[in-house]
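The values are calculated or read from the model by the stated rules, or taken from the named source; none is laboratory data. Just so you know, these numbers come straight off a predicted model, no measurement behind them. Backbone-built Cβ (ideal geometry, glycine too); neighbour counts: all protein chains shown. Just so you know, the surface numbers come from the protein's heavy atoms only, side chains and all, with ligands and any DNA or RNA stripped out. Shrake-Rupley method; radii C 1.70, N 1.55, O 1.52, S 1.80 Å.
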Amino acid sequence: MTHSGQNPPQTQTNLPPATNNNSPPIPALPKKASPLMAILLLLIAMLSLQGGASLAKTLFPVVGPQGVTALRLGIGSILLLLYFRPWRLKMRGGNLRSLLMYGLALGCMNYSFYLALRTVPLGIAVALEFTGPLAVAMFSSRRPVDFIWVVLAVTGLLFLLPIGQSAGGVDLKGACFALIAGACWAIYILAGQRAGSSYGPGTAAMGSLIAALIFFPVGVIQAKTSIFSWEILPLGLLIALLTSAIPYSLEMMALTKLPAKTFGTLMSMEPAMAALSGIIFLGEFLTGTQWLGLAAIIAASAGSTLTLQRKTKIETVDIAGNNPSGK
C-alpha cells in the first residue's frame, strides 16, 4: 500500500487534470513513446512497491509494524505535501466528511496491512487485501459474467485462509488483519472518489496528512524503539520512496499510454509480484495450494477488469483512487 498507488480493480474517478499554474504537472511519457515502455514502467512500479514492502518487513524486529506504519505515513505525507502543495491549489471543497473518511481509511489500511505482515507472507497478505477493491469492482456490475469472478475470488480465499490444513498454516489473526486492510481499501476507493471530485489533485496529500495525524502518534507510542534515530530514518525515507513516490510517478506515466483495461489487467498481477518479492527478499516460499489461491484471485481481478463496461482509454488521471497501501 498502496499501496502511490495503483491498483485495480477499481472504478476510475474522472478528475480534471492538474493544468493550472499552481498545480504540479502530471508525469507523462513522450507522445512517441511505445506502449511497451509504459508496460515496463508499470512493472518497475510494482517491483518498487513490493520491494519497499519487503524492506518494511525487515524493520519489524526493530520498530515493529506500528513503527513502520508511522514512518511510511509520516514521511510519505511530507513528500506528498511538498509535491502537491495543496494549499496553493484551487479546490471547490464542500466534501469534508468524505475527505476525513478517505484519510482514515488510508491510515487504517496501512496499519492493518503491516500488522498482517507480522505473521502472514507478503504474497498472501497482498492477495487477501486485494479482495477489497475486487469487491468494489464486482458490486458495481451485476451481469451474469461477474458470477464467475465471484466464484474465483471465493475459491482463492478458501485456498488462502487458514481453514483446515490446506492453507499451509497461515495465521488466522494475520489473515483477518489483511482482510480488514482490504475492507479499508474498498472504503478508501469509494470515499476517494467523492473527495477527489471536490479537492482534485490535493486529495492524496490531504488524505495522507489526515492518516498521519491519526496513526503517526499511535505508531510512535507502540514502536519498540525510537523511530527518530539516524539509523532508522534513512530506511523510513527509502520505504516511503519505494512504496509511494517512485511507483506513483511511474504509474501516472503509464496511465497516459495504456488503455484502462490493459492497465487494470496488468495491475492484477500484483499479488504474484508480492509473492516473488517475498521469496527473493524474505525467503517466504508458498505452498502449491497457496499459489493456486493467488492465481484464482489474480484471475478474478483480471477478469472483472476486462469485462467492466467503461471507456477503453484513460483520458483523465485517477488521483484519489490510487492504492497507497503499504505493500
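Results, tabulated for the structure shown:
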quantity	calculated
Solvent exposure of the stretch 158-306 as accessible area per residue, Å², 1.4 Å probe	40 Å²
Inter-label distance, nm, simple model (7 Å from Cα along the C-beta direction), L100/L213	1.0 nm
In order through the stretch 187-198: 3J(HN,Hα) via Karplus (6.51 cos²θ - 1.76 cosθ + 1.60), integer Hz, x for Gly, Pro	5, 4, 5, 5, 5, x, 4, 6, 5, x, 5, 9
Coil-residue GluC sites (Glu not before Pro) of the stretch 200-298, DSSP, other Cβ within 10 Å capped at 12	E231
Integer Hz, Karplus 6.51/-1.76/1.60 couplings in order for the stretch 55-61, x for Gly and Pro	4, 4, 5, 5, 8, 4, x
Where trypsin sites (Lys or Arg not before Pro) fall in DSSP loop in the stretch 106-205, at most 11 other Cβ within 10 Å	R142
Residue-wise HN-Hα coupling along the stretch 287-292, computed from phi with Karplus coefficients 6.51, -1.76, 1.60 (Hz; x: Gly, Pro)	7, x, 5, 5, 5, 5
Spacing of the two label points (7 Å from each Cα toward its C-beta) at T287 and L40, in nm	4.0 nm
